[in-house]
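Below is one structure, written out as structure tokens; the observations come after it.
The values are calculated or read from the model by the stated rules, or taken from the named source; none is laboratory data. Bear in mind the structure is a predicted one, so any value in this text is a computation, not a measurement. Don't worry about glycine lacking a Cβ; one is built from the backbone with ideal geometry, like all the others, and counts go over all protein chains shown.
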Amino acid sequence: MPPTARTPRDRWIQAGLDALARGGPDAVRVETLAAELGVTKGGFYGYFAGRSALLAELLDEWERRCTDDVLARIEAEGGDPVEKLRRAGELTFSDELHRIDLAVRQWARRDPEVAERLRRIDNVRMGFLRSMFASFIADPDEVEARCALMFALAIGRHFVAADHPGRTDREYARMAGEFLLRP
């Protein structure tokens, strides 16, 4: 009889990210993840020393997906700075990554280590924005203002409950982003 296949490590991580996005770090429970994956929790311990190790891996994966992978893809696909800014917004704040990002931001409000990591990642993101905007805007104050507004739009658009006559939430966000990208 062939040995039973183990649940791949990346499935545990994806299930953990989904749980994190749904309910924050308190929702990331080994027993719950095992039940969602339809496996026993024993396989979990073949990959992770415990729940805290999984939480650290979730942060690593989030960082890789929302910064390293995004920046690598933007560079590989090329284009002018405005195209790169558009692509960065589309990739970084896709629905899947944005849900995780919001959960990490909430987590960071009560965990200083997560807060420090979030600050580091947000600084990388802001550095990218600054370099792109500075390539077509000479005034450093205007560069900083546009970066702050672009970042606030990307993070905060889901917190705005106002109606946008004749537009969907996504359309209004795109319109606001295009306004910020004007030379």
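Considering Ala35, Ala49, Ala56, the condition of being surrounded by fewer than 18 Cβ atoms within 10 Å (Cβ to Cβ), under 24 Å from the mean Cα position of the chain (by Cα) and of a type in the set (A, V, I, L, M) is satisfied by Ala56 alone. In the stretch 81-93, the condition of being surrounded by fewer than 19 Cβ atoms within 10 Å (Cβ to Cβ), part of a helix (DSSP H, G or I), hydrophobic (A, V, I, L, M, F, W, C) and under 15 Å from the mean Cα position of the chain (by Cα) is met by at least one residue.
Ala154 meets each of the listed conditions (1) in a helix (DSSP H, G or I); (2) under 26 Å from Ala27 (Cα atoms); (3) modelled with pLDDT of 90 or more apart from (3).
The single condition among (1) farther than 21 Å from Asp80 by Cα; (2) without any contact (Cβ under 8 Å) to a residue 60 or more places away in the chain that Gln106 does not satisfy is (2). Screening Leu97, Leu129 for residues that are crowded, with 17+ Cβ neighbours inside 10 Å, at pLDDT 95 or above, assigned to a helix (DSSP H, G or I) and not small (Gly, Ala, Ser) leaves exactly one candidate, Leu129.
Scanning the stretch 132-151 for residues that are surrounded by fewer than 14 Cβ atoms within 10 Å (Cβ to Cβ) and part of a helix (DSSP H, G or I) yields a count of 4.
Condition check: within 18 Å of Lys84 (Cβ to Cβ), out of contact with any helix residue (DSSP H, G or I) (no Cβ under 7 Å at 6 or more places or on another chain) and surrounded by 11 or more Cβ atoms within 10 Å (Cβ to Cβ). Does Glu178 satisfy that? Against the criterion (within 18 Å of Lys84 (Cβ to Cβ), out of contact with any helix residue (DSSP H, G or I) (no Cβ under 7 Å at 6 or more places or on another chain) and surrounded by 11 or more Cβ atoms within 10 Å (Cβ to Cβ)), Glu178 qualifies. The condition (being over 27 Å from Thr92 (Cβ atoms) and not aliphatic (A, V, I, L, M)) is satisfied by just one residue among Arg29, Arg64, Arg22, Arg11: Arg29. With respect to Val114, is the statement that it is closer than 20 Å to Arg157 by Cα and either free of Cβ contacts under 8 Å to residues at least 60 places away in the same chain or part of a helix (DSSP H, G or I) (or both) true? It is false that Val114 is closer than 20 Å to Arg157 by Cα and either free of Cβ contacts under 8 Å to residues at least 60 places away in the same chain or part of a helix (DSSP H, G or I) (or both). Check whether at least one residue in the stretch 4-26 is more than 27 Å from the chain's Cα centre (by Cα) and either exposed (fewer than 12 other Cβ atoms within 10 Å of the Cβ) or at pLDDT 95 or above (or both), and report yes or no. For the stretch 4-26, residues more than 27 Å from the chain's Cα centre (by Cα) and either exposed (fewer than 12 other Cβ atoms within 10 Å of the Cβ) or at pLDDT 95 or above (or both): present. Meeting the requirement of 1 or more residues that are of a type in the set (S, T, N, Q), in contact (Cβ under 8 Å) with a residue 12 or more places away in the chain and more than 30 Å from Phe133 (Cα to Cα), the helices (runs of 4 or more DSSP H) wholly within the stretch 1-79 are 30-37. Scan the stretch 80-95 for residues that are without any contact (Cβ under 8 Å) to a residue 60 or more places away in the chain and over 14 Å from Arg157 (Cα atoms) and the total you get is 7. Within the stretch 159-183, the set of residues being within 19 Å of Leu129 (Cβ to Cβ) and either in contact (Cβ under 8 Å) with a residue 60 or more places away in the chain or of a type in the set (Ser, Thr, Tyr) (or both) comprises Gly177, Leu181.
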